[in-house]
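Here is the structure we will look at.
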Amino acid sequence: MDTPNLTETHQIVEVDFDESTDIDGESDYGSGTGSDTTSLDSRVLNYKYENGRRYHAYSEGQYWGPNDEMQNEQLDIFHHVYSLVLDGELYLAPIGNNPQNILDLGTGTGIWAIDMADRFPSARVIGNDLSPIQPQWVPPNCIFEVDDITKPWTYSKDTFDFIHGRGLHGSISNWPCLYKEAYAALKPGGWLESVEYAVKFFVDGLDGQPLPDNPESAIFQWCKLGNEATEKTGRPFAITDDLVRWQKEAGFINVTEKMYKVPCGPWAKDPKMKDIGRYNLLNMVQAIGREPWWEPEEVHVILASVRAELQDKKKCNYFKQLRPHQPPLSIPLIKKSG
């Protein structure tokens, strides 16, 4: 199977200096159709509440973010951002036209799994998550499970054609172990696609350099505190520099990596980048304030400044998102030959 040609680009995103551009307007996101047959006990449904937000009960504390309606809407907006970045595609891995078993790790609202089930009606698509927040009506080939992917997997070896994970940073304490589990669960020739973003901002025009250290910058402080807090929990945000190495150590081959500039705010002149930035700003503004490690009083003071900085077109901030993916060809074939 040919490896896709994915090379990192560093072109400058041209700024649109038309100050009339804003982020007003609403977005429509589907919720899916189908049926759910899972019965849940109180250990799963006895949600935890802190600082006015709702959090998962199963494997309490494993995932740092809330699971309430505000969070779920933000996750669906983020899904739309990814879709815009990939020109409407759901993935990059060359999985062919007939995958039979697909797994979505930490599926969240299930929107990616639902879209994949619609695209491949002959495939079985499983989405797992710590929270049963997915819609009850989904495509008949889409299944949702409450599961903790940081524990030993119960899926049979050589089961999946494609395993997808997105935005798992801050919830995984042992990434090498996670990738080894994924490796074992994939069929020979199957693909893993792991999508993560650095929890820091970069400044366009500075040759891809991160936002300079600036104690007076609310954005810088917000990212710094978030990274420090997750380091203390043992489930760090800052993992993007190590993903490829961990994947190779798990046995994956043909590892490729693609990095995207994702503007935060509608400051870009290019229409596509402007649209991405508009939705990503909406995503970020809604995401701010879900951090469970800050006291409410501190949050209100800092995050008001973060929102203001994010909406300042002169800042020209963007995310870099990483999308490594690879096929596990060698080790499963060796095992089977024995």
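For region 248-274, which positions are open to solvent by 50 Å² or more (accessible area, probe 1.4 Å) and part of a helix (DSSP H, G or I)?
Correct list: K248, E249, P271, K272.
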Q) Do we have G167 as closer than 24 Å to E89 by Cα, in contact (Cβ under 8 Å) with a residue 12 or more places away in the chain and crowded, with 20+ Cβ neighbours inside 10 Å here? A) no
Q | Yes/no for T150 being modelled with pLDDT of 85 or more and either among the aliphatic types (A, V, I, L, M) or surrounded by fewer than 16 Cβ atoms within 10 Å (Cβ to Cβ) (or both) | A | no
Q. Which residues, counting only those in region 69-94, are over 12 Å from the mean Cα position of the chain (by Cα), touching a residue at least 60 places away in the same chain (Cβ under 8 Å) and assigned to a helix (DSSP H, G or I)?
A. M70, Q71, N72, E73, L84, V85
Q | Condition check for A250: modelled with pLDDT of 85 or more, of a type in the set (G, A, S) and under 24 Å from G167 (Cα atoms) | A | yes
Q | Yes/no for G127 being buried (at least 17 other Cβ atoms within 10 Å of the Cβ), in contact with a helix residue (DSSP H, G or I) (Cβ under 9 Å, 6 or more places away or on another chain) and not in a loop (DSSP other than H, G, I, E, B) | A | yes
Q: Restrict the check to region 109-120 and report whether at least one residue is assigned to a loop (DSSP other than H, G, I, E, B) and either among the hydroxyl-bearing types (S, T, Y) or modelled with pLDDT of 95 or more (or both).
A: yes
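The values are calculated or read from the model by the stated rules, or taken from the named source; none is laboratory data. Values in this document were obtained by computation on a predicted structure and should not be read as measured data. Neighbour counts run over all protein chains shown; Cβ positions are idealised from the backbone, glycine included. Surface accessibility is based on the protein's heavy atoms, side chains included, excluding ligands, DNA and RNA. Shrake-Rupley method; radii C 1.70, N 1.55, O 1.52, S 1.80 Å.
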